[in-house]
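Novice: A single structure is presented below for examination.
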Amino acid sequence: MRTLDHNILTLVTFVPLAGALLLVLLPRRDRDIRIFALVTSLLTFVLSLHLPVYFKRPLHLGTGFHYEVNSPWISSPTIHYHIGIDGISLWLVVLTTFLTPLCVLISWKSVHDRVKEFFILLLILETALIGVFVALDLFLFYFFWEATLIPMALLIGIFGHERKVYAAVKFFMYTMIASMFMLAAILWLYAHTGTFDFVEIQTQIRAGGVPNLSAAALWLFLGFFIAFAVKVPLFPFHTWLPDAHVEAPTAGSVLLAGVLLKMGTYGMLRFNLGLFPEQSRQNAPWIVVLALIGIIYGALVAMVQPNMKKLIAYSSVSHLGFVVLGIFSFTQAGLNGAMFVMLAHGVSTGALFMLAGVLHERRHTYEISEFGGLASPMPIYAASFLFIVLASVGLPLLNGFVGEFLVLSGAFQSRAIYGILGATGVIWSACYLLWMYQRVFYGKVTHAVNNSLLDLEGFEKAAVWPCALAALVMGVAPIIWLAAIDPTTHSALVPLAQMTAKVVGQ
Amino acid sequence: MITPLVAQVIPQAGEYVRILPELVLSLFGILIMLLDPLMDEQRGQKTLGLIGFIGTLAGLLATWYMSQSPGLAFSNSIQIDGFSAFFHVLVIAIAALVILSSYEYLAVQHIRAGEYYALILFGTVGMGLMSSAVELVLIFIALEISSISTYILAGFRRYQAASTESSLKYFLLGSFATAFFLYGVAMMFGATGSTNIDKISRYLQSNGVPLLVYIGTALMFVGLGFKLAAAPLHVWTPDVYEGAPAPVVGFMSTAPKAAAFAVLLRIVFAINEPAHFWPVWVAAALSMTIGNLGALVQTNVKRLLAYSSIAHAGYLLVAFAMTTPENWPNGIAAAMFYAAAYAAMNVGAFAVVGHFANAGEQYVTLEDYEGLGRSSPLLAAVLTIFLLSLIGIPITGGFFAKFYVFSAALRANLIWLTLIGVVNSAIGAYYYLRIIVVMYMREPRKQVPVSRVSFGVGTALAVCTFATIYLGIFPNRVLHYAQQSAQNVMPVHVAGSPTSTAEIPAIPRSRP
């Protein structure tokens, strides 16, 4: 068991990559390739379940991270293959491994051209995404961070819709330029601490042993923050998102919204708060304002979208605003809520994109006005859609509610006006999602073509229903998730609390 | 009875070992020249190419043998150490890869010429000599040997006006630039009374740095900057690269650059006045910016890669951002690593371009690359790896190359230069990405025939791909070796340098 504990993270991270490499060798028989990709991603998911199940075991290194591996990779500069997870990254890893097989399923029929390339890219993307969440060496982190970019851009650019090239290039350039600032900050840290190791840098910063830090800290904070803010995306860096989403293939959208955006909020939590608590506190006011603008603006723009996928994309801007609000409220409830919204959003928005993709495959359009009264030809589809919409809106007992409730209570603790403005976001989200639902599903069938639309098929059910189930379980028993999250967020807040105590003490 | 004075001048047998690679390559070059008239057109080409390739392999072997006996030779005009061995391996390996990829190219272009391979070997002799010479006059001669070969190589598609233009332009401007170098050498001699880098360094150490030395260095920098294609001496690059045969461009955008860089490193550190490095920094910043901005608007892939090579010369020059002696080995090692990584990806990229260009180099615009990902997935995938490496994406050698260079600059607190470099890499990403986008995301508008990849090109591509990925995942070995040999370039008087006891000819072997 000991060796399994030691190697499980490496396994989970690299099994998809190994699968992708094997896929290269496989002959171009589409069916075999699909099955192979499904098996690989399911295997990864099963392996990743080991992580939460045995999470309570005592740590074998004293750094607060589980399943840690730390072995030298490159001696000069000293780069270590240092991976490990805590309560923050645990569930994001599982979210990634959970969504990938569903992406394979939802692409079963919709991708029929260059199938091999598609699944190779998808599996490489999974490895890169997991790598981002488990890396504890800044260099390794940057490595995986950039590595997510290429498969995603290619997925959008090759398998996307009409304006795919524009969207892919815009996505690539936006995030690439932003992450250059992060690279500069990482290099600065390396030059002045002599290590890339996250834990070591954190210890050095807390001990005050880094020369020139006080002058540079603000710039370093901003360097990291810009890279993460573009990824989240925080208003006003969000303009790449609607284009990328609308043009991406369904599986691309699911992973983009479900996991890629969380890389940004995860980064804020891990690096901005973890390394620069003081600067986080100083800069919190304007960041919170941006988050609030994102919540309200995203929701308002979503409301007027004629395009279903764009609507869901803007709803992501709004929901991720909640996450940032929760993080920068610096309260236990806020942080827990932020984490929970990340997971809930991954599950329910992922499912929404899948459902939108199902419609697109049948009618080749996302325009809401092209539909109407779909509830009668597609009852199962309509029911599934409603379930997910309600989860996303934040109906109690479903997953959206728990996270938003926690974030808002955290925001109220920090400042009442934050909570009040944030709470309007919940109302807006009900407006745009339910209104969209009404226009698409209720009333009479407005276009004759829609009468003959097929209901959900087997593969589509297999992709969507696990999300619905997860949404229900997360809503009913959030404690399963929060039990691991809570201790970590608690310790993440300790340096912030100490700082406040110091300020009060003076 | 030989007088002691004469005995000093007559080289000993052991000294010839220290130019063994040059001797071997020259012999093979001459052999090719002799055999060329005896061969018939069809089969001769292949045989001569094979001889050339064997020549480079023998050259590599000779380099290994040479590196076993480090030290000075020929009245202290040649210094064999880890540093020169590194660049020998680099330029000879580049020559070998270029010969491999030229094999098919020459047949497709109907260029009949055995001397093509001979010229590549002679050029390599010059570049090898550049990296081991520590005597300015010898450096000049080596520079000329390498330049004259490449001038001729650039004009090998002689029925194409563009190629002739390329050759002539390169020749006229190049000879002008080397004249500057010679003038700089003369100034150096006037100021210090010697043309030996080691002696110059000692003289400056004890007597201070006179103004004439700065002028001399600046003039030499003009000569070398031309070879490096560093702004503002870059203007020739796009036209010359566009006209020259694609494999030759792969050759002359990497090997002479590496050699010129080796010379520049030796000279600049001998002068040892880091405060006056700023012209190099300015050239670095200008090259990166001009190269990347210029590449943005290109539609011809060869021109695009020409501008990209200007930009990469800029990144390389950032490695000179060393303000204190402790930083020097870092910078030198970063530069050496960069030269190696750049060679792997650029030779590979031009091999693909050369293969794809077809007879008369018809297919070299971005439009021709549309849909290559579908019609020739393997070729497109390989080119994508090289382009990603040129962008500097992780898992490729280009990433670590940029990374080392920028961290060397940051450690020297040259934040502005690093920022310019970082912003430039982001700009650079755009145009490399354009090629990838065109290959994978557009449907072909015209029918471009893609011929089967021949064995030679295939091998060259496989080696380049392997090297690019290897440097991206295990950069350790090469970097470690570079760091050790960086010590050899350090001027004699810098503390901690192993060459500080310069009287002894044997320099500690530096193998990892």
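The values are calculated or read from the model by the stated rules, or taken from the named source; none is laboratory data. Keep in mind the model is a prediction, meaning the values are calculated, not measured. Glycine gets a Cβ as well: all are built from the backbone with ideal geometry, and neighbour counts include every protein chain shown.
Novice: If A:Glu162 passes every condition in (1) within 27 Å of B:Ile469 (Cα to Cα); (2) surrounded by fewer than 22 Cβ atoms within 10 Å (Cβ to Cβ); (3) not hydroxyl-bearing (Ser, Thr, Tyr) but one, which one does it miss?
Specialist: All conditions are met except number (1).
Novice: Also, quick follow-up: Restricting to helices (runs of 4 or more DSSP H) lying wholly in the stretch A:75-159: which have 1 or more residues that are within 14 Å of another protein chain (Cβ to nearest Cβ)?
Specialist: A:115-134, A:138-147, A:149-159
Novice: Against the definition (within 11 Å of chain B (Cβ to nearest Cβ), surrounded by 22 or more Cβ atoms within 10 Å (Cβ to Cβ) and more than 22 Å from B:Leu419 (Cα to Cα)), how does A:Ile201 come out, yes or no?
Specialist: Spelling it out, it is not the case that A:Ile201 is within 11 Å of chain B (Cβ to nearest Cβ), surrounded by 22 or more Cβ atoms within 10 Å (Cβ to Cβ) and more than 22 Å from B:Leu419 (Cα to Cα).
Novice: Can you pull out every residue in the stretch A:444-460 that is surrounded by 16 or more Cβ atoms within 10 Å (Cβ to Cβ) and part of a helix (DSSP H, G or I)?
Specialist: A:Asn450, A:Phe459, A:Glu460
Novice: If you go through the stretch B:400-416 one residue at a time, do you hit one that is surrounded by fewer than 19 Cβ atoms within 10 Å (Cβ to Cβ), more than 11 Å from chain A (Cβ to nearest Cβ) and under 25 Å from B:Ala334 (Cα atoms)?
Specialist: Yes, the stretch B:400-416 contains at least one residue that is surrounded by fewer than 19 Cβ atoms within 10 Å (Cβ to Cβ), more than 11 Å from chain A (Cβ to nearest Cβ) and under 25 Å from B:Ala334 (Cα atoms).
Novice: Right, here's the next one. Working only within the stretch B:389-398, note down all residues that are surrounded by 24 or more Cβ atoms within 10 Å (Cβ to Cβ) and more than 27 Å from A:Arg163 (Cβ to Cβ).
Specialist: Residues satisfying the conditions are B:Ser389, B:Gly392, B:Thr396, B:Gly397, B:Gly398.
Novice: Here's a follow-up. With A:Ala185, A:Ala217 as the choices, which residue is in contact with a Gly (Cβ under 9 Å, 6 or more places away or on another chain), more than 10 Å from chain B (Cβ to nearest Cβ), closer than 24 Å to A:Phe237 by Cβ and not acidic (Asp, Glu)?
Specialist: Criteria check complete, one pass: A:Ala185.
Novice: A follow-up question, please. Does at least one position in the stretch B:302-320 carry a residue that is more than 27 Å from B:Phe466 (Cα to Cα) and either in contact (Cβ under 8 Å) with a residue 12 or more places away in the chain or in contact with a strand residue (DSSP E or B) (Cβ under 6 Å, 6 or more places away or on another chain) (or both)?
Specialist: Taking every residue of the stretch B:302-320 in turn, at least one turns out to be more than 27 Å from B:Phe466 (Cα to Cα) and either in contact (Cβ under 8 Å) with a residue 12 or more places away in the chain or in contact with a strand residue (DSSP E or B) (Cβ under 6 Å, 6 or more places away or on another chain) (or both).
Novice: Here's something else I'd like to know. Evaluate the following for B:Leu383: is it surrounded by fewer than 18 Cβ atoms within 10 Å (Cβ to Cβ) and either within 23 Å of the chain's Cα centre (by Cα) or within 11 Å of another protein chain (Cβ to nearest Cβ) (or both)?
Specialist: When the stated conditions are applied, B:Leu383 does not pass them.
Novice: Residues that are within 19 Å of A:Asn283 (Cα to Cα): list the helices (runs of 4 or more DSSP H) wholly contained in the stretch A:167-266 that include at least 3 such residues.
Specialist: Because the criterion is at least 3 residues that are within 19 Å of A:Asn283 (Cα to Cα), the helices (runs of 4 or more DSSP H) in the stretch A:167-266 that meet it are A:213-231.
Novice: Could you grab me the full set of residues in the stretch A:475-486 that are part of a helix (DSSP H, G or I) and either acidic (Asp, Glu) or exposed (fewer than 13 other Cβ atoms within 10 Å of the Cβ) (or both)?
Specialist: A:Ile479, A:Ile480, A:Asp486
Novice: Ok, one more. Inspect the stretch B:146-159 for any residue being modelled with pLDDT under 90, hydroxyl-bearing (Ser, Thr, Tyr) and surrounded by 24 or more Cβ atoms within 10 Å (Cβ to Cβ) and give the result as yes or no.
Specialist: no
Residue-wise test of (1) more than 12 Å from chain A (Cβ to nearest Cβ); (2) surrounded by 17 or more Cβ atoms within 10 Å (Cβ to Cβ); (3) polar (S, T, N, Q).
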{"site": "B:Leu433", "(1), (2), (3)": "no, yes, no"}
{"site": "B:Met439", "(1), (2), (3)": "no, yes, no"}
{"site": "B:Glu443", "(1), (2), (3)": "no, no, no"}
{"site": "B:Leu461", "(1), (2), (3)": "yes, yes, no"}
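Novice: Find the residue count for the stretch B:420-478, including only residues that are in a loop (DSSP other than H, G, I, E, B) and either within 27 Å of B:Leu100 (Cβ to Cβ) or under 21 Å from the mean Cα position of the chain (by Cα) (or both).
Specialist: 9
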